[in-house]
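Here is the structure we will look at, set down as structure tokens.
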Amino acid sequence: MAEESVKTLNDFEMVAKRKICHEKRWLWNYISAGDEKTRSEMRAAFQKYWLQPNVLTARVAVPSTWTTVLGQPIRMPICISPTSAPTFIDSPDGDALVAKVVAERGTLMVYSSVSKMNIEKFGSKLPPNGIYWAQTYLFRDKRNTLHLVRHAEKYGFKALVVTVDSPIDFGSNFVSVDDVPDYLPEHVTEDSSPNLAFLDGKPREKRPYGETELWTPFSGLGYKEIFCVSTWEDLAWLKTQTKLPIVLKGILTAKAAKLAVKAGVDGILVSSHGGRQLVGAPPPLAALPDVIEAVKGTNIEVYLDGEVRSGSDVFKAIALGARAVFIARPILWGLAVNRLEGVRNVLKILEDEFTTVVTMCGCSSIQEVDSSYLKLKSLY
């Protein structure tokens, strides 16, 4: 398929796979990693709903897709999830390229704490009109968490996204560090995960650290930092360290959502880590209504991340109560196909499709979108 004929997200996936696999099959394996059944159920969850349009109700030809996230206005409810892959796909500045497009399109990006582009460099390259959140884990060494937090504050990030679904590593069941080109430490020239300022209880040495040294399961220095058992007490500690809003990523149940309410978080990103962690976890779209119900009566915003691939998917998530959706893999496909222009096109495709669905359903703005526009197929 020629690049000029790429018109859908499925097209982008096909072309990206061809281009990446030509030189870096291990990278495609990494991007696509996840339990196949869990991921297919995530996609199937969207297909369980019919759209139920109204007619003769839209008052404008082009509906407004503007909304807000934590008080910040965005042009469309389609945001970018954290991922460490842009620098692998494009260049050492891959994250900054995505950030540039995000600012152009008037939306939001979450920066990954395990990016190969350190937060100082990323922060120094941010366009002034963009909205950025910083993802972090509750690292084993709290100094690593504080390192991310202080730099997020310094560079004007608007919130922290705390990933809470990885007490142990399940992702290595789908992709192994053995798939990554192996280099002896003395031959490593590119530094991996530079935001881990403390390793094995000590300040990071002033030398490059490779993927193998950091991410070999169980023994890797970075592996041991991320995959550790954290608690609500650790989250309470984090809240004492910053005034930035906190969004929890990885909530999938009403029980966990109610605990998040008690913890005083500002947002919940309903996510199953792209199918890379707990096999058999409920699809985020299926979990969304329970989470929405659990936070009813509070100011907590709820977002969705999980196999969003069309404007119709976006509409269904908004109709079920999500404030916005987040995507990752499609952005990586766009970056692989045509760098900046590819990312622009991925976002434009989703925005155009979403705007069309809002119009066809008879809404003048996304604030009018609710569950009355959906019908559950299983009832018929």
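Things to note:
- Any hit, region 134-145, residues being open to solvent by less than 10 Å² (accessible area, probe 1.4 Å), in a helix (DSSP H, G or I) and farther than 21 Å from Val343 by Cβ: yes
- Close Cβ contacts (under 7 Å, 6 or more residues apart or on different chains) running from residues in region 239-253 that are at negative phi and touching a residue at least 12 places away in the same chain (Cβ under 8 Å) to residues that are open to solvent by 10 Å² or more (accessible area, probe 1.4 Å) and of a type in the set (D, E, K, R) comprise Thr242/Glu153; Leu244/Glu153; Pro245/Asp266; Ile246/Lys239; Ile246/Asp266; Val247/Asp266; Thr253/Asp290.
- Count of residues meeting criterion [surrounded by 15 or more Cβ atoms within 10 Å (Cβ to Cβ) and among the basic types (Lys, Arg)] in region 21-47: 3
- Unmet requirement for Gly297, which otherwise passes all of (1) touching a helix residue (DSSP H, G or I) at 6+ places or on another chain (Cβ under 6 Å); (2) modelled with pLDDT of 95 or more; (3) part of a loop (DSSP other than H, G, I, E, B): (1)
- Selection within region 258-293: residues that are of a type in the set (Gly, Ala, Ser), more than 16 Å from Ala317 (Cβ to Cβ) and in a helix (DSSP H, G or I). The member of this set that is nearest to the chain's Cα centre (by Cα) is Gly275.
- Residues of region 48-63 classified as surrounded by 17 or more Cβ atoms within 10 Å (Cβ to Cβ) and touching a Ser or Thr at 6+ places or on another chain (Cβ under 7 Å), total: 2
- Being in contact with a strand residue (DSSP E or B) (Cβ under 7 Å, 6 or more places away or on another chain) and either open to solvent by 60 Å² or more (accessible area, probe 1.4 Å) or within 22 Å of Pro82 (Cβ to Cβ) (or both) holds for only one residue in Ile300, Ile366, Ile292, and it is Ile300.
- Taking every residue in region 23-48 that is at positive phi and pairing it with any residue that is open to solvent by less than 70 Å² (accessible area, probe 1.4 Å), at least 6 positions away or on another chain, the pairs with Cβ-Cβ distances below 7 Å are Gly34/Phe174; Gly34/Gly274; Gly34/Gly275; Gly34/Arg276.
- For first residues located in region 92-117 and farther than 23 Å from Gly71 by Cα, partners that are assigned to a strand (DSSP E or B) and β-branched (Val, Ile, Thr) and lie 6+ apart or on another chain with Cβ distances below 7 Å form the pairs Ser113/Thr136.
- Flag for Ser193 being open to solvent by less than 30 Å² (accessible area, probe 1.4 Å) and either part of a loop (DSSP other than H, G, I, E, B) or at pLDDT below 95 (or both): yes
- As for region 350-364, it holds at least one residue that is touching a residue at least 24 places away in the same chain (Cβ under 8 Å), touching a Ser or Thr at 6+ places or on another chain (Cβ under 6 Å), assigned to a helix (DSSP H, G or I) and of a type in the set (D, E, K, R).
- Residues that are open to solvent by 40 Å² or more (accessible area, probe 1.4 Å), among the basic types (Lys, Arg) and within 15 Å of the chain's Cα centre (by Cα) are absent from region 327-340 altogether.
- Unmet criterion (only one of (1) modelled with pLDDT of 85 or more; (2) part of a helix (DSSP H, G or I)) for Asp178: (1)
- As for region 224-238, it holds at least one residue that is in contact with a Phe, Trp or Tyr (Cβ under 6 Å, 6 or more places away or on another chain) and either assigned to a helix (DSSP H, G or I) or surrounded by 16 or more Cβ atoms within 10 Å (Cβ to Cβ) (or both).
- Only one of the numbered conditions (1) under 23 Å from Ser192 (Cβ atoms); (2) open to solvent by 10 Å² or more (accessible area, probe 1.4 Å); (3) assigned to a helix (DSSP H, G or I) is not met by Arg18, and that is (1).
- Of the helices (runs of 4 or more DSSP H) that lie entirely inside region 37-124, those containing 1 or more residues that are modelled with pLDDT of 95 or more span 94-105, 119-124.
- Taking region 303-326 as the range and being hydroxyl-bearing (Ser, Thr, Tyr), assigned to a loop (DSSP other than H, G, I, E, B) and buried (at least 22 other Cβ atoms within 10 Å of the Cβ) as the test, no residue passes.
The values are calculated or read from the model by the stated rules, or taken from the named source; none is laboratory data. Model, not experiment: these values are computed from the prediction. Neighbour counts run over all protein chains shown; Cβ positions are idealised from the backbone, glycine included. Areas reflect the complete protein model, heavy atoms only, side chains present, ligands, DNA and RNA absent. Shrake-Rupley method; radii C 1.70, N 1.55, O 1.52, S 1.80 Å.
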